[in-house]
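**Student:** Pasting a structure here, questions to come.
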């Protein structure tokens with residue numbers, strides 16, 4: 001660790017712990033869940049740290065989608081603050097983690113093109129990166145053509161990957177190979193940044209981001225086999241050969257048709273009832289993904305115990321913040337559509 005990193009970490013640790021204290025509690029979520037409608041839910045949230053972000057919008061414009069966009073603005077500002085306050089050698093990893101939102105925006109715009117969606121419909125689905133984005137989102141959407149939209153990305157980190165993937169898109173007219181290529185390229189770069197760290201920084205980053213990578217890799221492999229009927233070779237090609245707990249051998253075994261519950265049980269012995277859970281893959285896989293996300297949450301919270309001079313604290317907080325927003329968006333949609341709690345509570349990370 002560079003000599004000036006300890007003082008930098010002391011400052012960022014104090015700041016992040018203050019931010020951590022503003023995360024919503026279980027009781028907060030219970031109260032939000034008990035509100036009668038979206039208006040009541042947003043009324044309660046206006047008394048929290050999210051309040052100023054709703055004040056930027058007229059009351060009548062606060063649909064579930066727009067409310068989700070507004071709370072993401074808080075996450076964007078928090079990322080920006082933490083990145084610029086962290087020790088210099090940690091910023092490439094934090095910046096790469098933040099770039100995942102740009103990846104999601106890129107996929108959303110391409111989907112908007114193929115579904116012939118208007119800019120007004122797409123714009124508030126996007127993560128609010130503002131001037132930090134390298135994507136000409138609106139111009140891409142206005143081309144109404146995936147090939148032309150990709151050409152607008154010359155000079156960005158995505159152009160070469162997209163150009164290569166376009167060969168298969170042209171044949172299949174499906175965004176699937178494009179999205180897979182973007183995701184794999186992103187996670188390779190993120191894992192490379194993790195492995196440039198040393199000591200406890202690398203240990204914490206590997207544990208937190210590796211758990212997230214493992215979850216994605218496992219869910220990709222299982223879904224490719226169960227939903228897309230991909231060949232063994234394709235499943236291997238469309239996943240990653242590295243991770244924190246999940247190894248290349250595990251992914252290859254799934255691709256070859258091995259028993260999925262047995263693999264999950266070995267990798268995650270604390271998860272109970274996997275065989276029953278995956279008896280019906282259609283309903284079981286979303287629940288499995290949620291349980292794997294809870295494992296990531298545990299890794300994030302564990303980073304706050306022990307040595308404060310390491311990257312796990314800002315990483316852990318940022319992911320916990322993202323997961324909180326994920327739960328809030330579930331509530332937004334549920335309240336906007338008058339869905340009873342028994343029908344949505346199993347989609348929340350927090351146990352109500």
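**Student:** Starting from the Kirkwood radius over alpha-carbon pairs of the chain, derive D by Stokes-Einstein at 10 °C in a medium of 1.306 mPa s and give it in µm² s⁻¹. Working shown, then result.
**Tutor:** Details: Rh = 21.8 Å.
For these conditions, the coefficient is 73 µm²/s.
**Student:** With springs only between Cα atoms under 10 Å, which of 306, 40, 112 fluctuates most in a Gaussian network model of the chain?
**Tutor:** 306
**Student:** So what is the calculated 222 nm ellipticity per residue for the chain, using -39500 (n - 2.57) for each DSSP H run with n of 4 or more, over all residues, to the nearest 500 deg cm²/dmol? Walk me through the numbers on the way to the answer.
**Tutor:** Values: 19 runs with 237 residues, N = 352.
Taken over the chain, the calculation gives -21000 deg cm²/dmol.
**Student:** Quick one: if you stick a label point 7 Å off each Cα along the C-beta vector at residue 265 and residue 28, how many nm between them?
**Tutor:** Computed distance between label sites residue 265 and residue 28 equals 3.9 nm.
**Student:** Residue 144 to residue 55: extension gain in nm, 0.36 nm per residue of separation minus the Cα-Cα distance?
**Tutor:** Numbers: separation 89, 0.36 × 89 = 32.04 nm, distance 3.39 nm.
In short, 28.6 nm is gained.
**Student:** Residue separation times 0.36 nm, minus the C-alpha to C-alpha distance between residue 338 and residue 119: what's the value?
**Tutor:** Contour length minus Cα-Cα distance gives 76.1 nm.
**Student:** With springs only between Cα atoms under 10 Å, which of 298, 28, 214 fluctuates most in a Gaussian network model of the chain?
**Tutor:** Highest fluctuation of the listed residues: 28.
**Student:** Looking only at 294, 26, 58, which one moves most when the chain is put into a Gaussian network model with springs between Cα atoms under 10 Å?
**Tutor:** Of 294, 26, 58, the Gaussian network model singles out 58 as fluctuating most.
**Student:** Next question. What length, rounded to one decimal in nm, is gained on full extension from residue 256 through to residue 223, with 0.36 nm per residue of separation minus their alpha-carbon distance? Walk me through the numbers on the way to the answer.
**Tutor:** Numbers: separation 33, 0.36 × 33 = 11.88 nm, distance 1.35 nm.
Full-extension gain reported as 10.5 nm.
**Student:** A further question follows. For the stretch 89-197, what is the Kirkwood hydrodynamic radius in Å, using each pair of distinct C-alpha atoms? Please report the intermediate quantities before stating the final value.
**Tutor:** On the way: mean 1/r = 0.0692 Å⁻¹.
Taking every pair of different Cα atoms in the stretch 89-197, averaging 1/r and inverting gives 14.5 Å.
**Student:** At a threshold of 8 angstrom on Cα-Cα distance, excluding pairs fewer than six apart, so keeping six or more, what relative contact order does the stretch 89-197 reach in percent? Present the calculation step by step, with values, prior to reporting the outcome.
**Tutor:** Values: 88 pairs, mean separation 31.7, N = 109.
Once divided by the residue count of the stretch 89-197, the mean separation gives 29 percent.
**Student:** Something else: Using label points projected 7 Å from each Cα along Cα→Cβ, tell me how many nm separate residue 283 and residue 305, to one decimal.
**Tutor:** Computed distance between label sites residue 283 and residue 305 equals 3.5 nm.
**Student:** Relative contact order for the chain: what percent, with Cα pairs under 8 Å and sequence separation of 6 or more?
**Tutor:** 21 percent.
Values in this text are rule-based calculations from the coordinates and carry no lab data. These numbers come from a predicted model, not from an experiment. As a convention, Cβ positions derive from the backbone with ideal geometry for all residues, glycine included, and neighbour counts pool all protein chains shown.
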